[in-house]
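The values are calculated or read from the model by the stated rules, or taken from the named source; none is laboratory data. Everything numeric in this text was worked out from a predicted model, so none of it was measured. Using ideal geometry, Cβ is built from the backbone for each residue, glycine included, and neighbour counts are taken over all protein chains shown.
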């Protein structure tokens, strides 16, 4: 039965188009607000984000596909229309938006380590 579940999960993963993310704005607003707060208050501090799966899903079988998606994030840039739209929102400051417009994921920024927790 376990083998059948793994095959089903793998089939599900291949149904998604690649890359999954098409924009730096493919995120929730909270992350952008927190990023801006760190940008303004702790500009000289290096920060890291970590994904933790809180469910019982067998994500290990997706490790290669997840790495591929993380690698594809290096191609993401804030588009001009996205920059203009964000500029109309009163809660984003111009210096942060300028930084976000120039932001590019690098290999160092997209370092990924996959480990299986018991």
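When the residues of the stretch 88-108 are filtered to those that are exposed (fewer than 14 other Cβ atoms within 10 Å of the Cβ) and farther than 17 Å from residue 34 by Cα, the one that is modelled with the highest pLDDT is 88.
The single condition among (1) modelled with pLDDT under 90; (2) assigned to a helix (DSSP H, G or I); (3) in contact with a helix residue (DSSP H, G or I) (Cβ under 8 Å, 6 or more places away or on another chain) that residue 39 does not satisfy is (1). Answer yes or no as to whether residue 52 is modelled with pLDDT under 90 and either part of a loop (DSSP other than H, G, I, E, B) or under 16 Å from the mean Cα position of the chain (by Cα) (or both). Criteria met by residue 52.
Taken residue by residue, the stretch 69-80 has no member that is more than 17 Å from the chain's Cα centre (by Cα) and more than 23 Å from residue 29 (Cβ to Cβ).
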